[in-house]
Amino acid sequence: MMRASDGSAIFTVLIIYDITDNKHRLKISKLLDSYGTRVQKSCYEAKLTSVQYQKLLRDIKKNLMEEDNIRIYKINGCDEIVSFGTKDYTEDTEVIII
């Protein structure tokens, strides 16, 4: 498990969504851009501490519309990402939390 500079655990989080309203979908994708990396059109990956994870949940709840479908998977354990296909949105970047 990865750790932040303060020793807190860092989790891999997968956020997937199905939002039909274009304007609202753009708003949610901009919110998710501030947390992680888009890996597919409606899917983001993020490396977050528990505090950041809780803030993500609050931010999504604040912006949620009734017809939205947003799923968040907090992945515990070893990180392994296997990707197939021609378009790879993932980036291997070192996480630095200040």
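Order these peptides, 47-53, 23-29, 58-64, by their mean beta-carbon neighbour count within 10 angstrom, highest first. Mind showing how you got there, number by number?
Values: 47-53: 17.1, 23-29: 14.3, 58-64: 12.4.
Ranked from most to least packed, the peptides come out as 47-53, 23-29, 58-64.
Sum up the charges of everything whose Cβ sits under 13 Å from the Cβ of Leu32, counting Lys and Arg as +1 and Asp and Glu as -1, but leave Leu32 out. Each step should come with its number before you reach the end.
Working: positive: Arg25, Lys27, Lys30, Arg38, Lys41, Lys55, Arg71; negative: Asp33, Glu45, Asp59, Asp68.
Net of charged neighbours comes to +3.
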For Ile75 and Leu14, extending 7 Å from Cα along the Cα-Cβ vector and measuring point to point gives, in nm, a value of 0.6 nm
Show the residues, 5+ positions off or on another chain, whose built amide H is closer than 5 Å to the amide H of Val39.
Tyr44, Glu45
For the pair Arg25 and Met65, the simple spin-label estimate (label points 7 Å beyond Cα toward Cβ) gives in nm 1.1 nm
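Bear in mind that the values in this text are calculations on the coordinates, not laboratory data. Since this is a predicted model, take the numbers as computed values, not measurements. FYI the Cβ positions are ideal-geometry reconstructions off the backbone, even for glycines, and counts take in every protein chain you see.
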